[in-house]
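Notes for the one structure printed next.
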Amino acid sequence: MEPFKSYAQPKNCPVLSDLEKTSLEDKKEVIKALNTLIPKTYGIGIDDFLDMYTKWNVVTAKPFLNTVDNKEERAYFGMAKTFCGKEIAEKSWLVRLDFLKASGADLVQGQIFF
């Protein structure tokens with residue numbers, strides 16, 4: 001089994017000119033993309049919990065510009081700006097997840113910026 005790898009900061013940031021402007025109207029497409037992104041980001045699990053990340057609920061899925069009114073989500077926007085710059089963060093999304101098969105506070109919740 002390949003070891004589970006997770007990175008707080010992306011290895012490479014997207015190229016700004018490759019990004020499109022999105023809105024909440026794109027939410028269905030973003031949620032559909034999670035079927036590909038979650039296995040690539042989280043894998044399926046670790047050690048004795050090999051299917052830990054195979055079932056999830058979407059808690060939040062919205063463009064970062066729609067997070068500024070929420071104190072907790074605004075903090076994630078600050079992280080995204082630090083990782084890849086303000087212009088890229090403004091064209092990115094925050095997706096917050098609850099993993100249904102995970103146990104323990106550190107494993108149950110996840111966030112993806114894209």
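Just so it is clear, none of the values below were taken in a lab; they were calculated from the coordinates. Bear in mind that the values here come from a model prediction, so they are computed numbers and not experimental data. Please note: Cβ atoms are built from the backbone with ideal geometry, for glycine as well, and neighbour counts cover all protein chains shown.
Values for this structure:
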{"quantity": "Convex hull of Cα atoms in the range 49-93, direction-averaged projection (nm²)", "calculated": "4.1"}
{"quantity": "Highest to lowest packing among 80-89, 64-73, 12-21, scored as the average C-beta count within 10 Å", "calculated": "80-89, 64-73, 12-21"}
